[in-house]
Each structure stands twice: as C-alpha cells, then as structure tokens.
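The values are calculated or read from the model by the stated rules, or taken from the named source; none is laboratory data. From a predicted model like this one, the values you see are computed outputs, not experimental measurements. Virtual Cβ from ideal backbone geometry, glycine too; neighbours counted across all protein chains shown. We work out accessible area using only protein heavy atoms, side chains counted, and drop any ligands, DNA or RNA first. Shrake-Rupley method; radii C 1.70, N 1.55, O 1.52, S 1.80 Å.
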Amino acid sequence: MTQQIDQLESLLGPAIEALGLGIVLWGIEFQAGDHRAMLRLYVDAIDRHVGIEDCEAASREVSALLDVHDPVPGNYTLEVSSPGFDRPLFKAAQFAAFIGETVKIMLAVPTAGRRRAHGKIVRVEAETVVIDVDGVELCFDHSNIQKARLVPQFDPPAKPTGKSPGRRPERAAKTSTSEGTA
C-alpha cells in the first residue's frame, strides 16, 4: 500500500503544484472497500486557507491524470479536501512542523504496550516521532504510525461581563397580582 501511495504522490503532487494556485499535495489516504474504494487527497496552501475552488481545480486535474495513467485498480471515489483543523499528518517532516501541538496517533503494531497515543509532539529525530503522554516521552517509528491527526486547541469563550456596550440594561417588567375580597 505504501508503494502505491508513493507512486500516486509522485504522479499527482507535481500536477497539483503546476496548477499555479499556490496549493500543494499534503497527503493521500486510500481506503479499500467491498464495492468501491475511497481515494482521498488533502491539498494545502502555505499562506492562505484552501477554498472549495482550489479543491475543485485539483479534482479536475487529478481526475484527468488518473483516467490516463489508471494507477488505482477497480472502482473508487475521488475526494479532494483541505486538511482542516484536525489535519492528518503523513510524514515525519509534518510532525516536525507542529512541535508543541497535541496529536492523536494510531499505530500499526503496538509499541510500549499501546496502539494509540495522545499527547504533545516534543521532537522528531530522523524518522522517529517523540510525543509527551502524561509527562512520559514515548518514541514511535514513523513507519509504524498508521494514522495521526492534530487535536485542535480552541480558546475557551470569553466570560460574559453582564454589560453590553452601547445598550442600557433591560429592566425586568414588574408584574402585580391583586386579589380582591368581597
């Protein structure tokens, strides 16, 4: 499978960059299915967000190349997407670009008694990714990482102050009830 992904990257990466849109091939996922496989490409831009127009242009170019070269046997669905906030990480260099960020990793073969790990990326040494899991540094060979995604960290919402700028506070309407006696 890795060899097929490498061949697809060699074929599709230069074609996507040649579009002149400032986008690059971030990574490829291939999921075989019983009736139809899924070929998912992630495209990214260095200095801006990837838009739907970028994905459409890349999809048109890639579809034409795949039709001509036919590197994927059988029926499959092509999907072109941006990596998003929880971006997948495919290469050791991508891990290195996100040192200090939190990542979820799934391993092909258990290491240190685990198949999954969740922690901060500490460093990357050649093809070894080191993450801090609850204060313990764990080393994973990149070739053993089956799947990895960043875990987005969002700032908590600001606490309401109780005051709205430019508006007067609304007063609660007074209600009264009276009971008469006869």
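Indicate the gyration tensor shape class of the stretch 36-127 (rounded, prolate or oblate), computed on the Cα atoms with a ≥ b ≥ c the square roots of the eigenvalues: a/c under 1.5 is rounded; otherwise a/b larger than b/c is prolate and the rest oblate.
oblate
Could you derive backbone 3J(HN,Hα) for the stretch 81-94 from the dihedral phi with the Karplus parameters 6.51, -1.76 and 1.60 (θ = phi - 60°), listing whole Hz in sequence and x where the residue is Gly or Pro?
Values per residue, Gly and Pro as x: 9, 7, x, x, 5, 9, 4, x, 10, 10, 10, 4, 5, 5 Hz.
Report, in deg cm²/dmol and to the nearest 500, the calculated mean residue ellipticity at 222 nm for the chain, where each DSSP H run with n ≥ 4 adds -39500 (n - 2.57) and the sum is divided by the residue count.
Counting only the DSSP helices, I get -7000 deg cm²/dmol.
Counting only pairs 8 or more places apart or on different chains, how many lysine pairs in the chain have C-alpha atoms closer than 21 Å?
Lysine pairs meeting the criterion: 6.
Say each of GLN3 and TYR76 gets a label point 7 Å from the Cα, pointing the same way as Cα to Cβ; how far apart are those two points in nm?
1.6
Quick one: 3J(HN,Hα) in Hz for the stretch 42-49, Karplus 6.51/-1.76/1.60 with θ = phi - 60°, rounded, Gly and Pro as x.
Listing the rounded values in order: 10, 10, 9, 10, 6, 10, 7, 7 Hz.
Can you give me the accessible area per residue for the chain, using a 1.4 Å probe, in Å²?
68
Report the local net charge at GLN153: Lys and Arg +1, Asp and Glu -1, summed over other residues whose C-beta lies under 14 Å from its C-beta.
+1
What is the spin-label model distance, in nm, from LYS159 to SER143 if the labels are put 7 Å beyond Cα along the C-beta direction?
With each label point 7 Å from Cα toward Cβ, the separation is 5.3 nm.
Of all accessible surface on the chain at a 1.4 Å probe, what whole percent is carbon and sulfur?
51
How do ASP132, ASP54, ASP47 stack up against each other in accessible area, from largest to smallest, with a 1.4 angstrom probe?
So, going from the largest accessible area down, we get ASP47, ASP132, ASP54.
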